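**Q** Quick one: this structure, given as structure tokens, is what I'll be asking you about.
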Amino acid sequence: MNKLNSMLLCAATGLAFTSCATVFCGSRAKVTFDTNVPVESATLTIDGKKHQITTFPYKAKVKRGFTDTEVKAEAPGYETVRFTIYKNFNAVSVINLFDVLGWGIDAATGAMMKPDQRSYEIMFKKPTTEETKTE
């Protein structure tokens, strides 16, 4: 009976640690966006999805995964700002050790990667006009 309990404990432990990054971190990461100037409203387009924002800092969920996330920020009276959220390896995936199934699940859900930063400051600037260029 003791041997059976040990085998069940080992099997349960193996299943518990399958796809650790997916279980512990999820397939999306929270990222905070802030601005260098106060704006009354702004639109953030994150991977094609628009977010109407009235106050900063603003928290949004960003997909994890192997592709970088493109962000476009627009605010009335300011130039459009575009930037990329790059992804890095998520060290939590290492808990999978030799579990090929766990690595596969983490890769398929994107949990194997994470944004390189948790917060970004959007550097809005006023548009330059022809008059200010010639002066």
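**Q** Only residues in region 89-101 that are on the phi < 0 side of the Ramachandran plot count as the first member; pair them with residues that are assigned to a helix (DSSP H, G or I) and of a type in the set (D, E, K, R), Cβ under 7 angstrom, at least 6 apart or cross-chain, and list the lot.
**A** Listed pairs, sorted by first residue: S93/D106; N96/D106.
**Q** Same structure, new question: Can you name the residue in region 63-88 that is of a type in the set (V, I, T) and touching a residue at least 40 places away in the same chain (Cβ under 8 Å) and is also most open to solvent (accessible area, probe 1.4 Å) among such residues?
**A** V81
**Q** I would also like to ask the following. Out of everything in region 27-53 that is over 18 Å from the mean Cα position of the chain (by Cα) and open to solvent by 100 Å² or more (accessible area, probe 1.4 Å), what residue ends up being nearest to A73 (Cα to Cα)?
**A** So, considering only residues that are over 18 Å from the mean Cα position of the chain (by Cα) and open to solvent by 100 Å² or more (accessible area, probe 1.4 Å), the one nearest to A73 (Cα to Cα) is Q52.
**Q** Return the residue satisfying two criteria in turn: it lies in region 119-135 and is modelled with pLDDT under 80 and of a type in the set (S, T, Y), and of such residues it is surrounded by the fewest Cβ atoms within 10 Å (Cβ to Cβ).
**A** Top of the filtered list is T134.
**Q** Taking the residues in region 89-118 that are open to solvent by less than 70 Å² (accessible area, probe 1.4 Å) and not in a helix (DSSP H, G or I) as candidates, determine which candidate is farthest from K63 (Cα to Cα).
**A** Only one residue tops the list, namely D99.
**Q** I want to confirm something. Restricting to region 70-99 and keeping residues that are touching a strand residue (DSSP E or B) at 6+ places or on another chain (Cβ under 8 Å) and charged (D, E, K, R), which single residue is farthest from T128 (Cα to Cα)?
**A** Restricting to residues being touching a strand residue (DSSP E or B) at 6+ places or on another chain (Cβ under 8 Å) and charged (D, E, K, R), the top hit is K87.
Conditions tested, residue by residue: (1) under 13 Å from S27 (Cβ atoms); (2) of a type in the set (S, T, N, Q); (3) under 11 Å from the mean Cα position of the chain (by Cα); (4) modelled with pLDDT under 90.
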{"residue": "R64", "(1), (2), (3), (4)": "yes, no, yes, yes"}
{"residue": "K72", "(1), (2), (3), (4)": "no, no, no, no"}
{"residue": "A75", "(1), (2), (3), (4)": "no, no, no, no"}
{"residue": "Y78", "(1), (2), (3), (4)": "no, no, no, no"}
{"residue": "R82", "(1), (2), (3), (4)": "no, no, no, no"}
{"residue": "I85", "(1), (2), (3), (4)": "no, no, yes, no"}
{"residue": "V94", "(1), (2), (3), (4)": "no, no, no, yes"}
{"residue": "G110", "(1), (2), (3), (4)": "yes, no, yes, yes"}
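**Q** Another question about this same structure. How many residues, within region 38-69, are within 21 Å of M112 (Cα to Cα), outside any strand (DSSP E or B) and touching a strand residue (DSSP E or B) at 6+ places or on another chain (Cβ under 7 Å)?
**A** Matching residues across region 38-69 total 5.
The values are calculated or read from the model by the stated rules, or taken from the named source; none is laboratory data. Worth saying up front: this structure is predicted, and the values here are computed from it rather than measured. Here Cβ is always computed from backbone atoms with ideal geometry, including for glycine, and neighbour counts include all displayed protein chains. What goes into the accessible areas is simple: the full protein's heavy atoms, side chains included, and nothing from ligands, DNA or RNA. Shrake-Rupley method; radii C 1.70, N 1.55, O 1.52, S 1.80 Å.
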